[in-house]
Amino acid sequence: MPGPSAPGTAAGGMRLRGTVAMVTGASRGIGRAIAQALAAEGADLCLVATSREGLADVMAAISGTPGQKLALGFDVADRTACQAAVAQCVDRFGRLDALVNNAGIYLAKTFLEYEPADFQRLLDVNLFGVIHLTQAALPGMLERGYGRIVNIASTAGKWGSRNQSAYNVSKHAVVGLTRCVALETAARGVTVNAICPGFIDTDMLVDLKRDAATKGVADPDAVFAALINQRVPMARALRADEIAGMAVYLASPQASGLTGQSILIDGGMITA
Ligand code: NAI
């Protein structure tokens, strides 16, 4: 007997036909996988990355899907740009139903090595990017009595880690924000949830290994493989599409009863 179908295949259907969704950090990695999964479900999409050119590849990859697409390049830490982007999306599609706040950056240092500017930049992108776009998108959602906010946090938003305190602080803040905004919008048709991925095989991990090499780690690939074996019960880094399926669900009308949650997808790392 065949197994269940992936989203977007015939049996997966077009669950998001008529949904207008914005995805940040859509040029690569998790955001790209989410954009492709939403497109496969028929959504109209506004894709965001630091540069518009960076989105050319994903735009080409989803060009055969039925929804309309808009590509925007800007820094999510820029509040004015975030407000302009939501306005442009509403201008083009009439509304914004689902916002996936995925754009994020990572920087590994010990607490004592981090400069205040490092903390500031991580918070500006990972937290304030979410705040700016959510504050821009939410009024329209509340007015229409329907909306889906999906924040990509991290396992780093749920527990402590060595040598990445500024990143963990930014992700804990996203988990906290998710809980609080969810309570304020719960009675008005808007859900707010987060996904907390563990180790996902993206360019962010490639950058991390490159960074480790420059800091004198002799064989970052081997060190990383050992870390995964030791920490992840599934003994592998997950694929970006394993996050995308949950994002599609949370962005869909079906997820109407679920809010304020920060859902771990981490290969079994945290089971409590
Ligand atoms: P990535 O580095 O491969 O891609 C990041 C994306 O965000 C790119 O499209 C980039 O253009 C965009 N971006 C970065 N800074 C931006 C800014 N200031 N303004 C607009 N766009 C910006 O990252 P990856 O691995 O796909 O991660 C995506 C999200 O998932 C991030 O929030 C990350 O913190 C989170 N995450 C990643 C994990 C992993 O193991 N890769 C694990 C847990 C969470």
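The values are calculated or read from the model by the stated rules, or taken from the named source; none is laboratory data. Note that the structure is a prediction, hence the values are computed from the model and not measured. With ideal geometry, Cβ positions are generated from the backbone for all residues, glycine too; neighbour counts draw on all protein chains shown. Ligands, DNA and RNA are excluded from the accessible area calculation, which covers all protein heavy atoms including side chains. Shrake-Rupley method; radii C 1.70, N 1.55, O 1.52, S 1.80 Å.
A quick yes/no check of all residues on (1) assigned to a helix (DSSP H, G or I); (2) touching a helix residue (DSSP H, G or I) at 6+ places or on another chain (Cβ under 7 Å):
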site	(1), (2)
R121	yes, no
V125	yes, no
Q135	yes, no
L142	yes, yes
V150	no, yes
C180	yes, no
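Of the residues R15, R32, only one is open to solvent by 30 Å² or more (accessible area, probe 1.4 Å) and either within 12 Å of the ligand (Cβ to nearest atom) or at pLDDT 95 or above (or both); which? Please lay out each step first, then the result.
Values: R15 fails: either within 12 Å of the ligand (Cβ to nearest atom) or at pLDDT 95 or above (or both).
From the options R15, R32, the qualifying one is R32.
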Considering each residue of region 228-255, count those that are surrounded by fewer than 13 Cβ atoms within 10 Å (Cβ to Cβ), hydrophobic (A, V, I, L, M, F, W, C) and either touching a Phe, Trp or Tyr at 6+ places or on another chain (Cβ under 8 Å) or not in a loop (DSSP other than H, G, I, E, B) (or both), and give that number.
0
Unique residue being of a type in the set (A, V, I, L, M), touching a residue at least 12 places away in the same chain (Cβ under 8 Å), away from the ligand (no atom under 16 Å from the Cβ) and in contact with a strand residue (DSSP E or B) (Cβ under 8 Å, 6 or more places away or on another chain) when the list is L96, L38, L47, L70:
L96
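Just to be sure, is L258 at pLDDT 95 or above and assigned to a loop (DSSP other than H, G, I, E, B)?
Numbers: at pLDDT 95 or above: yes; assigned to a loop (DSSP other than H, G, I, E, B): yes.
Here the answer is yes, as L258 does meet what is asked.
Scan region 53-65 and give yes if some residue there is within 16 Å of the ligand (Cβ to nearest atom), among the charged types (D, E, K, R), in contact with a strand residue (DSSP E or B) (Cβ under 9 Å, 6 or more places away or on another chain) and assigned to a strand (DSSP E or B), otherwise no. Full working, then the answer.
Start the filter on region 53-65 by keeping residues that are within 16 Å of the ligand (Cβ to nearest atom), which leaves 53-62.
With among the charged types (D, E, K, R) added as a condition, the list becomes 53, 57.
Applying the additional criterion that residues be in contact with a strand residue (DSSP E or B) (Cβ under 9 Å, 6 or more places away or on another chain) yields 53.
Now drop any that are not assigned to a strand (DSSP E or B), which leaves none.
Among the residues of region 53-65, not one is within 16 Å of the ligand (Cβ to nearest atom), among the charged types (D, E, K, R), in contact with a strand residue (DSSP E or B) (Cβ under 9 Å, 6 or more places away or on another chain) and assigned to a strand (DSSP E or B), which makes the answer no.
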Only one of (1) near the ligand (Cβ under 10 Å from one of its atoms); (2) basic (K, R); (3) crowded, with 22+ Cβ neighbours inside 10 Å is not met by R148, so which one is it?
(1)
Would a scan of region 31-41 turn up a residue that is touching a helix residue (DSSP H, G or I) at 6+ places or on another chain (Cβ under 9 Å) and part of a loop (DSSP other than H, G, I, E, B)?
yes
Only one residue in Q135, Q164 is open to solvent by 20 Å² or more (accessible area, probe 1.4 Å), farther than 23 Å from C46 by Cα, of a type in the set (S, T, N, Q) and out of contact with any strand residue (DSSP E or B) (no Cβ under 6 Å at 6 or more places or on another chain). Which one?
Q164
Looking at (1) modelled with pLDDT of 95 or more; (2) more than 12 Å from the ligand (Cβ to nearest atom); (3) assigned to a helix (DSSP H, G or I), find the lone condition where A222 falls short.
(1)
Taking into account only those residues within region 261-272 that are β-branched (V, I, T) and at pLDDT below 95, which is most open to solvent (accessible area, probe 1.4 Å)?
T271
The listed residue being within 16 Å of the ligand (Cβ to nearest atom), of a type outside the set (S, T, N, Q) and open to solvent by 10 Å² or more (accessible area, probe 1.4 Å), out of G176, G157:
G176
Of (1) in a helix (DSSP H, G or I); (2) within 11 Å of the ligand (Cβ to nearest atom); (3) of a type in the set (S, T, Y), Y106 fails just (1)
Name the single residue, out of those in region 184-203 being in contact with a strand residue (DSSP E or B) (Cβ under 9 Å, 6 or more places away or on another chain) and assigned to a helix (DSSP H, G or I), that is surrounded by the most Cβ atoms within 10 Å (Cβ to Cβ).
T185
So V232, is it closer than 26 Å to A37 by Cα and modelled with pLDDT under 95:
no
Residue check, A71 against (1) part of a helix (DSSP H, G or I); (2) farther than 23 Å from R239 by Cα, all met but one. Which one?
(1)
